[in-house]
Amino acid sequence: MKLIIGNRAYSSWSMRAWLALKASGLDFEELVVPMFNEEWEKARAGNEFQASGGKVPILWDGDTIIWDSLAIIETCAERSDYRFWPEDPERRGMARSMAAEMHAGFPAIRREMPMNVRKRVKDHILSPDEIEEVNRLLNLWAQARARRTGDGDYLFGDWSAVDMMFAPVITRFITYKVPLPPFAAQYASAVLHHAHVVEWIELAQEEPWEITAYEPEKP
């Protein structure tokens, strides 16, 4: 299996797919293609990128190509013994719905708080649209935490696909210093201290590339 990803510092969709592969325990190689430079344009013109329309992440599994983060998560769930979704049908349905909403929604957060795990932005003022979306996320997290099983620190107890989908948003909340209520801050801390998330962020610090558009303010 081969996973093609963009810059770890900026690519939220790549992060989700990579976290899924790491959780699965499946053997895979990874290729980081720095976005928006000459190497990126050259790579996008090649055969490996054709199925995705020139976007990352892309997972090659033999002759099978999967080019969407949520699809890659589901592929990992099929191929491995790791439980990516809660066992209980009610919790599983809620987790899948939340993951799908994260996949398709929250445009203001994506637009106004671009992911950058290497920076801390001073004095970011949330727009009304951002506030609405942050409140929606907090509501979803509260509902999930009320239904979690066991003593796990994640949304439904154990580390699962829905936590992988929300992990890049949590890095945004840290980057832009979004205030969180205690229960959400506790959950965010648990995600940020997960070994795979820590590894991703540490690897991002070593990247030599910088995208000016994603560097809104120096610390």
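Data for the structure
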{"item": "Segment 90-105 - phi-based ³J(HN,Hα) in whole Hz, Karplus 6.51/-1.76/1.60, Gly and Pro as x", "result": "5, 5, 5, x, 5, 4, 5, 5, 5, 5, 5, 5, 5, 4, 9, x"}
{"item": "Relative packing of 69-76, 20-27, 57-64, which averages over residues the other C-beta atoms within 10 Å, highest first", "result": "69-76, 20-27, 57-64"}
{"item": "Accessible area in square angstrom per residue, the chain, 1.4 angstrom probe", "result": "48 Å²"}
{"item": "Beta bridges per DSSP with both ends in the chain, % antiparallel, nearest 5", "result": "65 percent"}
{"item": "Under 5 Å, built H, 5+ apart or other chain: amide partners of ILE65", "result": "none"}
{"item": "Rule-of-thumb Rg ratio for segment 81-155 [Cα; 2.2 N^0.38 Å; N residues]", "result": "1.32"}
{"item": "Cα-based Rg of segment 128-219 normalised by 2.2 N^0.38 Å, two decimals", "result": "1.18"}
{"item": "Taking the C-alpha atoms of the chain, convex hull volume expressed per residue in Å³", "result": "121 Å³"}
{"item": "Residue-averaged 222 nm ellipticity for the chain, from DSSP H runs of 4+ at -39500 (n - 2.57), nearest 500", "result": "-15500 deg cm²/dmol"}
{"item": "Per-residue SASA entry for LEU140, accessible area with 1.4 Å probe, Å² rounded to 10", "result": "10 Å²"}
{"item": "Percent of Cα pairs exceeding the 19 Å cut-off, where the set is segment 1-87", "result": "33 percent"}
{"item": "Segment 139-208, accessible surface, carbon-and-sulfur percent (1.4 angstrom probe)", "result": "52 percent"}
{"item": "Which of PHE84, TYR187, LEU59, positive extreme of dipole for segment 36-195 (C-beta unit charges)", "result": "TYR187"}
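The values are calculated or read from the model by the stated rules, or taken from the named source; none is laboratory data. Just so it is clear, the structure is predicted and the values come from calculations on it, not from any experiment. Because the Cβ atoms are built from the backbone with ideal geometry, glycine has one as well, and the counts that use them run over all protein chains shown. These accessible areas exclude ligands, DNA and RNA; they are computed on the full protein's heavy atoms, side chains included. Shrake-Rupley method; radii C 1.70, N 1.55, O 1.52, S 1.80 Å.
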